[in-house]
Amino acid sequence: MNGYAGTILRVNLTTSEIRKEPLDEKVARDFLGGRGLGIYYLWTEVPKGADPLGPENKLVASTGPLSGLLVPGAGKMDWACKSPLTGGYAGASVGGHLTAEIKYAGYDAIIFEGISPKPVYLFIDDDRVELRDASDLWGKGSITTEEILKKRLGEEFQIATIGPGGENLVKYACITHDFGRQAGRGGVGAVMGAKKVKAVAVRGSKTIPVADPERFWELAHAMFRACKEAEGLGPWQRYGTTIVTSWCDEVGALPTRNFQQGSFEQGPNLYGQVMRERIVITDKGCFACPSPCGKYSYTKKHGVFVEGPEYETIALVGSNCALGDIEDVAYGNYLCDELGIDSISAGNAVAFAMECYERGLLTPEDTGGLDLRFGNAQAAFALLEKIARREGLGNLLAEGVKVASQRIGQGSEEFAVQVKGMEQSGYETHNATAMLLAYMTADVGAHHNRAWAITYDLQVGRDRVAPEKVARVILLQHIRPLFDSMGACRLQWVELGIDVTQYAPMMAAVTGIERSWEDLLKISERTWNLTRMYWIREVEGFGRTWDYPAPRFYKHPSTGGPTKGQLTPFEAVQQLLDMYYEQRGWDKNGIPTPEKLAELGLTELVR
Ligand code: SF4
């Protein structure tokens, strides 16, 4: 199978049985790889109603057909499972070098099943695959574990690990790779922890078959050349994702004090330019990346090295908690990485607790004596540690802000900023209807990477509610996850303006299957709809109300900055959903119609 290693590695942790089985050609054709494979295996293999932290749940690590090839940014893979945070689908994409190594070792995906009786790590050296004792690593931080395993096994091994957050089943624990790249969202690290898998270490030496090598080289050269010549390359490489921090602050999209407003009075201290001058040491990229956006930093104030902070961490651990010193944000980032918790959800949890504290809903007794006022960096650091170790208030916040707000009550549900139980990522959406809709309808919860529409809002009118806006969100929800299925980074398209349709001939050259760009988008739509069906199957009463945004954005106007006094009225929220469901071919409750499922060839599968 051109573009694929052709083999799935199945690891049963309960019995220690390791099996290799051929990748089903039809499944690869219908779902491509990465994200598509993840939801396919969840749908077909994880029984309805499975406990996300129990033995029936599976953790699927999958590569795509482009992963490991010389295609710009072809170092992406996807981790999927039933989410312990939301009870629905979790799919987390990560870059780095692991995906290429898994392909070189001869596998398209690794499926973890069952629960190991003791801590283990999965060792893969081409055909040699073993579960090894990890008792001595249990309790150690993610970065520390990666260092130890690199020393023990060799630098060429690519490692993914969990930290104490995953071991302690924090519902938004992440999986860390390459000293700071994260499969961050939805609690994939908690599922790995529940399975008692501390790490995966992979080395491979095989090749990946390509259908038409000549055509492939031609296209690959053209894509790399276009990246190199792109006007945006310089600034992107210099600042990475932090390039948007100043823009977000200026237009009122930078979440501040638990999304109460979109502009931070100390925001300029967190801008990309300041970060570059003060803490960045070097740039760092994923496999085959022509535009490395990773920034490797050192904070003198705290004496630690860290990859980042990226924009999302600046927004959630920084302005959203009102931390106005980039070195404090870098240290918060380091803590999240080492502890193995998603900095987006963790930043939200700390900011939520800070707001509860300032409103008197949490007392010093509740916080264990922490003075949780916005801006108190030491208190934020202490709370991150408590979350990862599930101590005191940290134990409650480790459940996510939805559950925490339900337990605290007293109206705190109104400012728990989440959709479907997942904390919202770094864009303030009091008045940005496309971005708001993107959060409402993203297939994991309030995550930006399915449709990043905030700049589009500013271009066409941020409070506009119109079919074109909805259509744009849907198109993005097909394009961006398609990259996660192909196994490539989307940022060369987003940031460097690489013509997205070039990926169709590239996929054809690699796989030997001629498909147009529209054909590929159709596959992405199939994946999107199967994911929706997964939510419907797993979450009782799932439907329209699960797509509602946090009341913060439709009930409580923004308190400051350019959007001061603004909100999105609830009628507009309903209009957006009506248009969205209609354009998607779903009914008024957000359920895909039989006609839509038939059009996508899903009728048999979801029966
Ligand atoms: Fe990785 Fe950034 Fe390059 Fe994408 S642009 S491949 S995320 S380094």
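The values are calculated or read from the model by the stated rules, or taken from the named source; none is laboratory data. Quick caveat, the model's predicted, so the values are computed rather than measured. Quick reminder, even Gly has a Cβ in these numbers, built from the backbone with ideal geometry, and neighbours come from all protein chains shown. With ligands, DNA and RNA removed, areas are computed over all heavy atoms of the protein, side chains included. Shrake-Rupley method; radii C 1.70, N 1.55, O 1.52, S 1.80 Å.
Residues of the stretch 70-113 being part of a strand (DSSP E or B), more than 30 Å from Ser405 (Cβ to Cβ) and within 14 Å of the ligand (Cβ to nearest atom), which ones? Reasoning before the result, please.
As a first pass, look at the stretch 70-113 and keep what is part of a strand (DSSP E or B): 77-82, 89-94, 109-113.
Filter once more, keeping what is more than 30 Å from Ser405 (Cβ to Cβ): 77, 109-113.
Across the stretch 70-113, the qualifying residue is only Met77.
The sole residue among Gly272, Gly252 that is in contact with a Pro (Cβ under 7 Å, 6 or more places away or on another chain) and open to solvent by less than 10 Å² (accessible area, probe 1.4 Å) is Gly252.
Being open to solvent by 10 Å² or more (accessible area, probe 1.4 Å), of a type in the set (Phe, Trp, Tyr) and part of a loop (DSSP other than H, G, I, E, B): is that true of Phe287 here?
yes
Inside the stretch 165-215, residues that are small (Gly, Ala, Ser), buried (at least 24 other Cβ atoms within 10 Å of the Cβ) and assigned to a loop (DSSP other than H, G, I, E, B) make up a count of 4.
Looking across the stretch 504-530, just one residue is within 22 Å of the chain's Cα centre (by Cα) and either over 20 Å from Arg472 (Cα atoms) or part of a loop (DSSP other than H, G, I, E, B) (or both), and that is Leu530. Once the stretch 282-306 is narrowed to residues that are away from the ligand (no atom under 16 Å from the Cβ) and touching a strand residue (DSSP E or B) at 6+ places or on another chain (Cβ under 6 Å), the residue that is farthest from Cys336 (Cα to Cα) is Tyr298.
Applying the selection to the stretch 490-503, what residues are within 15 Å of the ligand (Cβ to nearest atom) and either open to solvent by less than 20 Å² (accessible area, probe 1.4 Å) or assigned to a helix (DSSP H, G or I) (or both)?
Leu491, Gln492, Trp493, Val494, Glu495, Leu496, Ile498, Val500, Tyr503
Consider Thr145 carefully, then state whether it is more than 24 Å from Leu13 (Cα to Cα), open to solvent by less than 20 Å² (accessible area, probe 1.4 Å), among the hydroxyl-bearing types (Ser, Thr, Tyr) and assigned to a helix (DSSP H, G or I). When the stated conditions are applied, Thr145 does not pass them.
If you go through the stretch 536-547 and keep only what is surrounded by 16 or more Cβ atoms within 10 Å (Cβ to Cβ) and not charged (D, E, K, R), you end up with Ile536, Val539, Phe542, Trp546.
Restricting the stretch 143-162 to residues that are in contact with an Asp or Glu (Cβ under 6 Å, 6 or more places away or on another chain) and of a type outside the set (A, V, I, L, M, F, W, C), the residue that is nearest to Thr99 (Cα to Cα) is Gln158.
Condition check ((1) open to solvent by 30 Å² or more (accessible area, probe 1.4 Å); (2) at pLDDT 95 or above; (3) on the phi < 0 side of the Ramachandran plot) across all residues:
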{"residue": "Ala380", "(1), (2), (3)": "no, yes, yes"}
{"residue": "Ile387", "(1), (2), (3)": "no, yes, yes"}
{"residue": "Glu391", "(1), (2), (3)": "yes, yes, yes"}
{"residue": "Gly400", "(1), (2), (3)": "no, yes, no"}
{"residue": "Gln406", "(1), (2), (3)": "yes, yes, yes"}
{"residue": "Phe415", "(1), (2), (3)": "no, yes, yes"}
{"residue": "Thr429", "(1), (2), (3)": "no, yes, yes"}
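When the residues of the stretch 576-607 are narrowed to those that are β-branched (Val, Ile, Thr) and farther than 18 Å from Val470 by Cβ, which ends up surrounded by the most Cβ atoms within 10 Å (Cβ to Cβ)? The selected residue is Val606. Among the residues of the stretch 346-369, is any in contact with a Lys or Arg (Cβ under 8 Å, 6 or more places away or on another chain), within 23 Å of Ser246 (Cβ to Cβ) and in a helix (DSSP H, G or I)? Yes.
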